[in-house]
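One structure below.
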Amino acid sequence: MNSISFDITNVLSTAVGKEGLENTMITSVSDKLQSYNMELRDTPYPFMDLPSNKFQFSEMKKLCDTINTKKIKNIVLLGIGGSSLGTETIFNALLHPFHNLSDAIRGHKPRYFILDNIDPHKINRVIEIITPEKEDTILIAISKSGETPETISQFMIFKELLGNATGRIVLITDRDKGILKEIAEREGYPVLNVPDGVGGRFSVLTPVSMFPAAFMGIDIDEIMAGAKDMAQHIKEKGPVENIGIILSSILYLMDKHGKNIHVMMPYCERLSGFADWFRQLEAESIGKNMQGPTPLKSIGVTDQHSQLQLYIDGPKDKFITLIYSADDDRLISNAFPYIESIDYLAGKNLRDLFYAEFLGTTLSITESKTPNITILIDKINGYNLGALFMLYEMVIAFLGYLYEVNPFDQPGVELGKTYTKAIMGKKGLEDKHETIKTKLSTSKTIIRF
């Protein structure tokens, strides 16, 4: 059975007083979004069609079959932001949490290393690990533009390490342009594409994440089935029962109601990556024109002991989405029968304690008048994960409409990229290089230890 339920009780004024929302407020915004939703039926965004067209699924599966004729021990994935977060989310949710630690855990599957940063320390340590097995390593380099300096620099380093590895290098990039496309044509590497009009942070249901998932033996058809059913739900349901519309309305109204910090707090470590994925999706899509909420990640129960104090007694500027899912059992043994103060735990199920912690947090933040909603997921599987991906991508599209911003660009990121290229001496950016030298030569206020 696949089930995701949403409890919005604790975002309403009946639960949290003036910090919450009136039903009429949600209805007003939902009706507005329903009109926009009807428009999207005729002119959908490209990412909305992915569950139906299953872009390059046959090519991905064929490529997996070809590579699997080799004995692959390691996958190294090069990508940053939307090029890696989706894959990391899927792996965290659907693979063993200690997948890389032993052959017994992995079975026939390779180890994986997702390099979403260029910190030389991490790069060097991965190189140390895979060098003895470099002949059995597949490299996947992902960049929609094909010119992301972080990914290109990683690719240059690992290409030198792997040498002539034509059958073990896969590039995922734009269909028509970019450096990675040119390299693939010259070197003969197989290429998969990011569909036209689908930006990096909306690319989880494209080969960007579906190919690495398929290569690890994850059922990508199941992921897409969940996404397709959620897309259908959002397309067909009216505003009163449409999860995408109601959730978008709440996120928007919470921000406008002074709750501009949006915390996603999974009580499920397998969804830790999903909180990271959502954090980029909301921040980079909506943070424009001096507006937009700030998304934060928190993990239950861990952050009950680090952040919950702030959520309860700190500024009333937070809205919290709690996600709960747990289906494993583990009895707590009566290891210390002589200590009476802990005998209430003996013989109980650890899952029950986990759920009690979740309920305790929900009750305490509600009592402190911190608005929150709860998402209950019966099982962490590909279907429900695909549904969550599509839900939140649609939520961001709806939020773009409400905030009157383009949710698919990132102008604030581009200047930093340009400065980076200029500092490194890219031709054509000489004027920027001189500007940067001037800026960096100005006097600074530095305090040293």
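The values are calculated or read from the model by the stated rules, or taken from the named source; none is laboratory data. As the structure is a computational prediction, the values presented were derived from the model and not from experiment. Methodologically, a virtual Cβ is constructed for each residue, glycine included, from the backbone with ideal geometry; neighbour enumeration extends over all protein chains shown. Areas reflect the complete protein model, heavy atoms only, side chains present, ligands, DNA and RNA absent. Shrake-Rupley method; radii C 1.70, N 1.55, O 1.52, S 1.80 Å.
Computed from the Cα positions only, the extents of the stretch 270-369 along the three principal axes stand at 62, 28, 17 Å, in decreasing order.
If one computes the Cα centroid of the stretch 359-420 and of the stretch 234-256, what distance in Å separates the two points? Between the Cα centres of the stretch 359-420 and the stretch 234-256 lies a distance of 12 Å.
Would you mind finding the longest exposed-site-free stretch of the chain, with exposed GluC sites (Glu not before Pro) meaning DSSP loop and at most 12 other Cβ atoms within 10 Å? No qualifying site falls inside 23-240, the longest such stretch. Think of the stretch 218-270 as a dipole: +1 on every Lys or Arg Cβ, -1 on every Asp or Glu Cβ, centred on the Cα centre; then among Pro266, Ser249, Ile223, Ser249 lies furthest on the positive end. For the chain, the fraction of C-alpha pairs farther apart than 38 angstrom is 30 percent. Quick one: pull the percentage of alpha-carbon pairs in the stretch 301-429 with a separation above 19 Å. When all Cα pairs of the stretch 301-429 are counted, 71 percent exceed 19 Å. Taking a ≥ b ≥ c as the square roots of the eigenvalues of the Cα gyration tensor, the stretch 115-185 is classed as oblate, since a/c reaches at least 1.5 and a/b does not exceed b/c.
Remark: relative contact order (the chain) = 22 percent; criterion is Cα-Cα distance under 8 angstrom and separation of 6 or more residues.
The calculated FRET efficiency for the pair Glu133 and Ile105, based on their C-beta separation and a Förster distance of 22 Å, comes to about 0.80.
Global dimensions of the stretch 239-298 from alpha-carbon coordinates: Rg and Dmax equal 12.3, 34 Å.
Each label point was placed 7 Å from the Cα along the Cα-to-Cβ direction; for His305 and Leu359 their separation is 2.2 nm.
Counted as membrane-span-like here are DSSP H helices of the chain whose alpha-carbon atoms extend 27 Å or more along the helix's own axis and whose Kyte-Doolittle mean is -0.5 or above; these are 382-403.
Of all the options Gly81, Gly400, Gly107, the one that moves most in a Gaussian network model of the chain with Cα springs shorter than 10 angstrom is Gly107. Computed over protein heavy atoms with a 1.4 Å probe, the accessible surface of the chain works out to 48 Å² per residue. Here the stretch 335-416 is treated with +1 on each Lys and Arg Cβ and -1 on each Asp and Glu Cβ, and its dipole about the Cα centre works out to around 220 debye.
For the stretch 138-235, a/c is not less than 1.5, where a ≥ b ≥ c are the root eigenvalues of the C-alpha gyration tensor, and a/b tops b/c. That puts it in the prolate class.
Each Lys and Arg adds +1 at its Cβ and each Asp and Glu adds -1 at its Cβ; summed about the Cα centre, the chain shows a dipole of about 1160 debye. Close Lys pairs in the stretch 212-340, defined as Cα atoms under 15 Å apart and 8 or more places apart or on different chains, number 7. Note on the chain: helix-only mean residue ellipticity at 222 nm, from DSSP H runs of 4+ residues weighted -39500 (n - 2.57) and normalised by residue number, equals -14500 deg cm²/dmol. Note on the stretch 129-250: dipole from Cβ charges, positive end direction compared against Val191, Pro212, Gln232; the farthest Cα belongs to Gln232.
Per the Cα gyration tensor, the stretch 370-449 maps to an equivalent ellipsoid with semi-axes of 43, 19, 15 Å, ordered largest to smallest.
Remark: the stretch 81-157 projects, on average over all directions, an area of 5.7 nm² (convex hull of Cα atoms). When you filter the chymotrypsin sites (Phe, Trp or Tyr not before Pro) in the stretch 341-401 for DSSP loop state and at most 13 other Cβ atoms inside 10 Å of their Cβ, you are left with Tyr344.
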